[in-house]
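Chemist: A single structure is presented below for examination.
The values are calculated or read from the model by the stated rules, or taken from the named source; none is laboratory data. Fair warning: this is a prediction, and the values are worked out from it, not measured in the lab. Positions of Cβ are generated from backbone atoms using ideal geometry, with glycine treated the same way; all protein chains shown enter the neighbour counts. Ligands, DNA and RNA are excluded from the accessible area calculation, which covers all protein heavy atoms including side chains. Shrake-Rupley method; radii C 1.70, N 1.55, O 1.52, S 1.80 Å.
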Amino acid sequence: MKIRWLCMIVLLWAMPAGAQQRFTLVTEEQPPMNYLDVETGTVRGISTELVRAIMEKAGYDYHIQLMPWNRGFRRALQDKNTCIFTTVRTPSRESQFKWVSPLFSSGW
């Protein structure tokens, strides 16, 4: 797990220093990984907190949006600087994205 975390951080730090665009990070409602905290109106969850920590450590400007998976997936394919997380890495999706690293592994 520590190696995966390190890989994600290294890849984010390796991005060009001049690339200080705002990133849109999209995810779906899937508690406990990602969900809307109704009290604060912010997206929370295990995966969300990992992604938030990585982006803040790397110093990137970003915002996280919760939306239906199909819409988020389509936006990540079409919109520059839009990333989707927590999604399953499959052979058919391999060439569609620049994969950073797994946030976690499951037996799915």
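Chemist: Within the range 46-78, can you find the residues that are surrounded by fewer than 12 Cβ atoms within 10 Å (Cβ to Cβ) and on the phi < 0 side of the Ramachandran plot?
Modeler: Within the range 46-78, the subset surrounded by fewer than 12 Cβ atoms within 10 Å (Cβ to Cβ) is 56, 59, 61, 63, 68, 70, 78.
Answer for the range 46-78, where residues must be surrounded by fewer than 12 Cβ atoms within 10 Å (Cβ to Cβ) and on the phi < 0 side of the Ramachandran plot: GLU56, ASP61, HIS63, PRO68, ASN70, GLN78.
Chemist: Identify all residues within the range 49-98 that are aliphatic (A, V, I, L, M) and in contact with a strand residue (DSSP E or B) (Cβ under 9 Å, 6 or more places away or on another chain); write none if there are none.
Modeler: In the first step, residues of the range 49-98 are kept if they are aliphatic (A, V, I, L, M); the result is 50-51, 53-55, 58, 64, 66-67, 76-77, 84, 88.
Those that are aliphatic (A, V, I, L, M) and in contact with a strand residue (DSSP E or B) (Cβ under 9 Å, 6 or more places away or on another chain): VAL51, MET55, ILE64, LEU66, MET67, ALA76, LEU77, ILE84.
Chemist: Select from the range 31-45 the residues that are assigned to a loop (DSSP other than H, G, I, E, B) and of a type outside the set (A, V, I, L, M, F, W, C) and write down the one among them that is most open to solvent (accessible area, probe 1.4 Å). So that I can check it myself, show each step before the final result.
Modeler: First, pick out the residues of the range 31-45 that are assigned to a loop (DSSP other than H, G, I, E, B): 31-33, 38-41, 45.
Of the ones still in play, those that are also of a type outside the set (A, V, I, L, M, F, W, C) are 31-32, 39-41, 45.
Details: PRO31: 86, PRO32: 77, GLU39: 171, THR40: 86, GLY41: 55, GLY45: 8 Å².
Across the range 31-45, the extreme among qualifying residues is GLU39.
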